1. Can you tell me which residue among Pro604, Pro630, Pro612, Pro597 is in contact with a Ser or Thr (Cβ under 6 Å, 6 or more places away or on another chain) and either at pLDDT 95 or above or under 18 Å from Glu246 (Cβ atoms) (or both)?
2. I'd like to check which helices (runs of 4 or more DSSP H) are fully inside the stretch 243-357 and have at least 3 residues that are of a type outside the set (S, T, N, Q), open to solvent by less than 50 Å² (accessible area, probe 1.4 Å) and touching a strand residue (DSSP E or B) at 6+ places or on another chain (Cβ under 7 Å).
3. If you check Val48 against the conditions, is it among the β-branched types (Val, Ile, Thr), under 15 Å from Leu6 (Cα atoms), surrounded by 15 or more Cβ atoms within 10 Å (Cβ to Cβ) and touching a residue at least 24 places away in the same chain (Cβ under 8 Å)?
4. Name the residues in the stretch 206-224 that are open to solvent by less than 10 Å² (accessible area, probe 1.4 Å) and in a helix (DSSP H, G or I), would you?
5. Within the stretch 399-449, track down each residue that is surrounded by fewer than 24 Cβ atoms within 10 Å (Cβ to Cβ), outside any loop (DSSP other than H, G, I, E, B) and of a type in the set (Lys, Arg).
6. Take the residues in the stretch 470-486 that are over 16 Å from Gly33 (Cα atoms) and of a type in the set (D, E, K, R), then tell me which one is modelled with the lowest pLDDT.
7. Please return the ranges of strands (runs of 3 or more DSSP E) entirely within the stretch 458-542 where 3 or more residues are open to solvent by less than 20 Å² (accessible area, probe 1.4 Å) and over 19 Å from Pro630 (Cβ atoms).
8. Is it the case that some residue within the stretch 111-122 is closer than 30 Å to Glu428 by Cα, open to solvent by less than 30 Å² (accessible area, probe 1.4 Å), in a loop (DSSP other than H, G, I, E, B) and touching a residue at least 12 places away in the same chain (Cβ under 8 Å)?
Amino acid sequence: MTDQLLAEPRMDALRAVCDTVVPGIEHHPDPHGHWARSASSYGVPEAVAEALATLPADQQAGLGQLLDALGAQGFTRASQASREQLLRNVSLASPDAAAGIGALGGLTLLLHYGAPDPATGRNPAWEMLGYPGPVSPPPAQPKPLQPLVLESDTALEADVVVVGSGAGGGVIAAELAQRGASVVVVEAGNYYNEADFNQYELWAWQNLYWRGGPTPTADRNVTLQAGSCLGGGTVVNWTNSLRTKEWVRREWADEHGLHDVASDFDRHLDAVWSRLSVSTDCCDLNGPHQAMKRGAEALGWSFAVTNRNADPSTYDPASAGYIGFGDQTGSKQSTLKTYLPDAVAAGARIVVGCFVERVLIDGARATGIVGRSPLTGAELTVRAPQVVLAAGALETPGVLLRSGIGGPAVGRHLRLHPCTATFGSYGEDMRAWWGAPHTGLVDEFAPLDDGYGFLIESVQYTTGLAASAVPWRDARQHKQALEDFHSAATFVGLLRDRGDQNGKVVLDPTGIAQPFYSLHDPADQAMTRKALDVQVRIHQAAGAHQIIALADGMPVWNQGDDLEDYIRRVQRVPLRAGAMRLFAAHQMGTARMGTDPSTSVAGPTGELHDTPGVWIGDTSAFPTASGTNPMITVMALSHRTAEQLAAAAGATRDPALQEA
């Protein structure tokens, strides 16, 4: 299949697609060669072909058919204008065609603007973008952890097996190991540390993120990002450390039966806060955050400096701008630097590169897990009377569904904190790549609608992802948008989504978890449009010369235009694929806690309603969306779950825990 995909004339069609998305255009002035540089002149079609060759056979076949169809329509011989129109026409033919054109175009842009030249280590577009690229080489940092890498079939025994090593799994592993339990942690990703974090965007997507980087939901409505490495999302998140809001805690207690969360949760939050060294000591405001602060204060809205889990002794603001690619300085206090070393010091064992397929059950009770290395095919069996699923809200429901446990609510109630985004152009280099991506936010609107409002935040500066996220209307428009990108600040509206029917995770025919999400709920739609209104007003009050909503068609406001009319135009854009771009880095709720087995998967302690010995230890357990960046909340909730698990196991069957 790979040979067929890369064979001529399909490669001719692929080159034509790439050069339609990024053609050479005559433009004066062109000091950096940005306008003249085409995708093929930088070797992008060949790189796209290599990436496509790694896809499953059915996806390769579909893209091959798409290239054949374009070739049959004379695409390779058409003019630039005709090819652009053909791409638009084909995208309208069917959802699959739109997905294929979107994938080819997005991959072209990601590589053209994100891939470094192997000879220089730099991308030729970076100078135009004002982006320095990596600011330092990785340090020669030894790896203190010694995880097991599966080379042959392996069987282990433990008191507790924890599936996942991120914010939830890392905490639970450490807490139980320190109580004397024998703990095995199983992580699907691999082990990387400072010595590997080279500050290159594409390397990070391929090695540290779920499914190789930003991935659309199965319905293509929302682009997702999630960590997938030892340490999980805590290795790649932006360190925004927010305590759980009081109104969220009351809701979880009153409506979902987590009664102690209203009255006895502060000690769990405090324990995590202390272990992560959370403070405001490392919160330099870069250009976008300064603009956010300036605009919010001009409008009389609250702006708050965020707390971050960062070590001031190694913090470097120039390097902090790259922490979504792994923190080279070691300042970020991820589970890789905190809870996982704690767990190992107390005797825990770690296995990496192992995809857990299912929970083992005997007599309706958990007895362990079975997984497999995608690289070697080696099988791992861990026999343990207690199983903690902490694989994240995209993969934990997959394990449950493949195991046939958890009840009817498994995979339902997916919450994403879906984000809209706007660019404001300020006519000066904003140096958005400098400083941590999250050092300030506007929380004025979080309490709206009984706590189902939104936050205004910023993002990490990227080149490849940013180029692929900027809607492509035509080649000239897109090149102009990228030429102006160095002067832009990006704001996002992070919604606390409430709709129970918006999202779900199901299994595809091969047994792989697939998320779906549509912003159906009318209240969520209204609040998202309010968030767009607020983003635009902050940009305008901060002095932006131009504002662009990240949506197909790129609605633009220029200084002097009617602002109210522009806001109305932006708010009319549908909140779905092919219209408003939606992004999400937080996934929650797909195996949630509650008292009703028909609407929740686990009881208020975190143990499954229908399968004793299986516990939910990640954001899947959230009864609702947290409304804040969820790291602190899930760590505190997992700290609580570890106590509940220790008490249950010690009272019934686990002498080691009972003695502790």
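1. Numbers: Pro604 fails: in contact with a Ser or Thr (Cβ under 6 Å, 6 or more places away or on another chain); Pro612 fails: in contact with a Ser or Thr (Cβ under 6 Å, 6 or more places away or on another chain); Pro597 fails: in contact with a Ser or Thr (Cβ under 6 Å, 6 or more places away or on another chain).
Going through Pro604, Pro630, Pro612, Pro597 in turn, the sole match is Pro630.
2. Filter on the stretch 243-357 gives 287-299.
3. Numbers: among the β-branched types (Val, Ile, Thr): yes; under 15 Å from Leu6 (Cα atoms): yes; surrounded by 15 or more Cβ atoms within 10 Å (Cβ to Cβ): yes; touching a residue at least 24 places away in the same chain (Cβ under 8 Å): yes.
In short, yes.
4. Initial filter on the stretch 206-224 (open to solvent by less than 10 Å² (accessible area, probe 1.4 Å)): 208, 213, 217, 222, 224.
Within the stretch 206-224, Leu208 is the sole residue that qualifies.
5. Arg402, Arg412
6. Result: Arg473.
7. Details: elements: 488-495, 503-507, 513-517.
In the stretch 458-542, 488-495 are the strands (runs of 3 or more DSSP E) which contain 3 or more residues that are open to solvent by less than 20 Å² (accessible area, probe 1.4 Å) and over 19 Å from Pro630 (Cβ atoms).
8. Of the residues in the stretch 111-122, the ones closer than 30 Å to Glu428 by Cα are 111-117, 120-122.
Narrowing the set further to residues that are open to solvent by less than 30 Å² (accessible area, probe 1.4 Å) leaves 111-115, 121.
Okay, now just the ones that are also in a loop (DSSP other than H, G, I, E, B), so 115, 121.
With the extra rule that they be touching a residue at least 12 places away in the same chain (Cβ under 8 Å), the set shrinks to 115, 121.
Yes.
The values are calculated or read from the model by the stated rules, or taken from the named source; none is laboratory data. Since we're looking at a predicted model, the values are computed, not measured. Glycine also receives a Cβ, built like all others from the backbone with ideal geometry; neighbour counts cover every protein chain displayed. Calculation scope for accessible area: heavy atoms of the full protein, side chains included, ligands and nucleic acids excluded. Shrake-Rupley method; radii C 1.70, N 1.55, O 1.52, S 1.80 Å.
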